[in-house]
Amino acid sequence: MKHITIFLDQYTHKNGGSATLIELGEALTQLGHRVNYVVNYFTVKSILVNFGRGIYPATFMDSNSGYSPKRLVKDTIKTFYSPSVGSVLRRSDYVIVPFVSPQRLARIKQSTKAKLVLNHAASVDMMTSIVQQNGHTYSAYCSLFDRVLFQSGADCKTSGLPNATTLRPSFREDKAANLGVSKVLSDQHVNIVWVGSLQTRKRPDLALDVVRKLLAYDYTYKLTLVGPHYDAAYAAGIREQALSLPPGTVEIAGFRENYLQYMSEADAIVQTSELEGVSRIIRESFFLGKVVATFNIQGTSEICTTDNAILVPFGHVDQLAEQVHAALTDTTVRQKLQANARLTYERDYSWDAYRAAAGKIFA
């Protein structure tokens, strides 16, 4: 049994990066390892609930200037839990972190002799400057770790890092156990579902363009956008664009805990991002055996091929709409895409395969 500490931005399955690390912790726990989480963002109310589950408030947060009563309470709690976090770190064999500042990483290093592991997660230019004031590059930052986990095999190889390792991601398949309990989409529509946060990188505006083209084929097409927004002004702009389409054509559902239910009822799942890692939504779509339509961009091309998905050059919304309509009106094409999607998941991204691979890395 290994002792493993995982640092998170917050303990939640809502957030892509945090969800990936929580699932890694769950896989390692199932393999018999002792896993504790240290959470950077927390509420005072969550402390007592989480402490019994081995989830601790971070004591290595970057300092913020200025104090408020709430900040003072949080700092007091952090001070109280410092011995607990310190003892967890001292007995850890591995400490896994998402990106943290080099200064904070140094403070973690001072508290443990464990091997340090960076969860790379998304596609990043290896020469990107992470600390402009002193010119550190991302590749130099990666060299501070014993191991760097890449979701993408191609990214792992091209990184050139001697400490790089590929761990293909998965997701907890039991999350889909309750699908079908309550229906969320109408059978009167041909349902196109888009899942993600309403932000510029995800390009929900292009999803609106796709459904606009689809309506020329069949007026029953409907687009449902599922996911939170972090930029109110941008989200308002998307809503305004949606209003230019016929009434009832677009639904902006917002964040939904049961987003998998929307995906399970979709006739096709469309992703229109201009930048992605190894997309969680596409992996879940493949698990569900869905028709997936997306752009051929770095990260997405790691999991999608023309055999298991509709894959067109970025921004070619006319071509994407044309192929979606063709797939949904041709039973042979649709069934081939669905079968190959499910096969890809079972072969490369299943929970069993993921757990086995994680076990080898942290043996």
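The values are calculated or read from the model by the stated rules, or taken from the named source; none is laboratory data. Model, not experiment: these values are computed from the prediction. Heads up, the Cβs are rebuilt from the backbone with ideal geometry, glycines too, and the neighbour counts pull from every protein chain shown. SASA here: full protein model, heavy atoms, side chains in, ligands and nucleic acids out. Shrake-Rupley method; radii C 1.70, N 1.55, O 1.52, S 1.80 Å.
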Convert each backbone phi in segment 26-43 into a coupling constant with the Karplus relation 6.51 cos²θ - 1.76 cosθ + 1.60 (shift: θ = phi - 60°), then list the ³J(HN,Hα) values in order as whole Hz, x for Gly and Pro. 5, 5, 5, 5, 4, 7, x, 7, 8, 10, 10, 10, 10, 9, 6, 9, 8, 10
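Could you give the length gained on full extension between Gln319 and Thr128, defined as 0.36 nm per residue of separation minus the Cα-Cα distance, in nm?
65.5 nm
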For segment 240-251, in residue order, the Karplus 3J(HN,Hα) values (coefficients 6.51, -1.76, 1.60; θ = phi - 60°; whole Hz; Gly and Pro = x) are 5, 5, 5, 5, 6, 8, x, x, x, 7, 10, 10
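Over the chain, what is the percentage of antiparallel beta bridges among all DSSP beta bridges, to the nearest 5?
Antiparallel: roughly 5 percent of the beta bridges in the chain.
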Highest-MSF residue in the chain out of Ala233, Ala327, Ala253 [GNM, Cα springs under 10 Å]: Ala233
Given H placed 1.01 Å from N in the peptide plane, which residues other than close sequence neighbours of Ile310 have an amide H under 5 Å from its amide H? Val292, Ala293, Thr294
Ordering 178-186, 158-166 by per-residue average of other C-beta atoms within 10 angstrom, highest first, gives 158-166, 178-186
Just to verify a number: what accessible area does Val100 come out at with the full protein assembly present, 1.4 Å probe, Å² rounded to tens? 0 Å²
So, for the chain, what is the accessible surface per residue at a probe of 1.4 Å, expressed in square angstrom? 46 Å²
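List, in the order given, every pair from Lys2/Lys45; Lys2/Lys157; Lys222/Lys290; Lys109/Lys360; Lys45/Lys202 whose Cα-Cα distance in the structure shown is over 26 Å. Can you show the working numbers first?
On the way: Lys2/Lys45 30 Å; Lys2/Lys157 28 Å; Lys222/Lys290 17 Å; Lys109/Lys360 24 Å; Lys45/Lys202 33 Å.
Violating the 26 Å Cα-Cα cut-off are Lys2/Lys45; Lys2/Lys157; Lys45/Lys202.
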Cβ-Cβ FRET estimate between Arg107 and Tyr41, R0 fixed at 30 Å, reported to 0.05: 0.95
Note the full-extension length gain between Thr76 and Leu343 as 0.36 nm times their separation in residues minus their Cα-Cα distance, in nm to one decimal. 91.0 nm
18 Å Cα-Cα reach of Lys175 towards aspartates and glutamates, excluding residues that sit fewer than 8 places from it in its own chain: Glu23, Glu26, Glu257, Glu265, Glu284, Glu346, Asp352
Using a 1.4 Å probe on the protein heavy atoms only, what accessible surface does Lys336 show? Give it in Å² to the nearest 10. 110 Å²
